[in-house]
Every structure is written in structure tokens, then in C-alpha cells.
Amino acid sequence: MGDEERFLEEEVAGEGQAETAQRPGIFSGVLINVLKWVAISLAAIIVIGSVSWLTFSLFIRGREAQGVDIFSSERMRESQPPLDYFKNNLDDIRGQTSDDPPLTFMAKVSIGYLQRDQKVQTELVTKSDEIQNRILIYLGKKKASELTTANLERLQDELKQLIQSDVLSSGIAIYKVLFRELQTF
């Protein structure tokens, strides 16, 4: 029986060793899988980032910004001083065009002057009725085809010169005349 006991002991010992050899720790397999996916994710991020950076660099190289600096706020600030606008004391201006038959127009106007220039502001307030009358007469001499958005800049410049020379005292400077609204109907 001694041989049988030894045989059984060896058989039982062999089974235990086989089980431990086949089944490594639970966490070591999960840890390897997690590390594998982290490495794959990092590699993908690096590849995608590198390709994006390279593509962007090649696309931008040698090109100038097209039309962007025309509208940049820095350029606008350099060319024009900061302005306040006189608009609250000017009512809507309504009248008729010089067309045959005449059409009706309606305009809302703002006048730009240097910020905090009390002298200009005071003169604009005291002469607001005269300014409105000059604008009414000026726009009334125009045809409806002239009172369009295509002609706004020219109309604004002419009104600025008219108000500056005919209404305001010498030494008083306005910088802009803007139409907030201009309609013919």
C-alpha cells in the first residue's frame, strides 16, 4: 500500500500544481488588458494630433489673411477717435421725395462728435430743430432712387458737410452723420 499512497499523493500534488500554473492572479490579466487599451488610446491621440497639426501647418504656410485685417478693431480704433452720438433729441424725420408723384420718406439720424465734448453737445441740443429742418429739406430734394442703401455713404457725407457748414458755429466739429433708418414708401 505504500506505493499506492505515494502515487495518490503525487497525483494530488500534481493536480494542485497544475491548477496554480493555469490560473494566474485575477488582477494581472485585467491590468494587462487595461494597460493595453490605455497604450492604444494614447497612440491614437498622438497620431491624430500630429496629423492634424501637420495638415494645419501645411495649409496655413505661405498664406496671408484674406480680408480679415480690413475689419479688425485695432485698425478701426486707429483711424477714428471715440465718438458719442447725438440722437435722442432728433425726432423721426418724415417728408416727401422730389419724384412725380412724390413718395414718402422716413429717416432716423444720429450725429457723431468727440466723446465728452460738452460744447458740441450743447450746440447740437440748442440747434436740434434747425438740424432736423435742414435734413428734411435736403432729403426732400432727393428722388426715391437716391434714397437707397447703395447711396448711404454719399448721403451721410453730404449731410455732415451741410450741417457742419450751415447750422453749427465755426469751431464746432462733428465727425459723422449716420442713418439709423431710411425708408421710402
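Over 19 Å between Cα atoms, which of K87/K141; K127/K160; K127/K176; K87/K176; K87/K127; K141/K176 qualify?
Working: K87/K141 23 Å; K127/K160 15 Å; K127/K176 17 Å; K87/K176 12 Å; K87/K127 13 Å; K141/K176 21 Å.
In this structure, K87/K141; K141/K176 exceed 19 Å between Cα atoms.
Computed extension length for S98-Q121: 5.0 nm, one decimal, from 0.36 nm per residue of separation with the Cα-Cα distance subtracted. With the simple model of a label 7 Å out from the Cα in the direction of the Cβ, R61 to E158 spans 5.4 nm. Placing R0 at 22 angstrom, the Cβ-Cβ distance between S145 and D166 gives a FRET efficiency of 0.30 after rounding to 0.05.
Computed with the Debye formula from one identical point scatterer per Cα of region 79-185, without solvent, the log10 of I(q)/I(0) at q = 0.14, 0.21 Å⁻¹ comes to -0.52, -1.10.
Readers should treat all values here as calculations from the given coordinates under stated rules, not as data from a laboratory. A quick note: this is a predicted structure, and the numbers were derived from the prediction, not measured. Cβ atoms come from the backbone with ideal geometry, glycine included; neighbour counts cover every protein chain shown.
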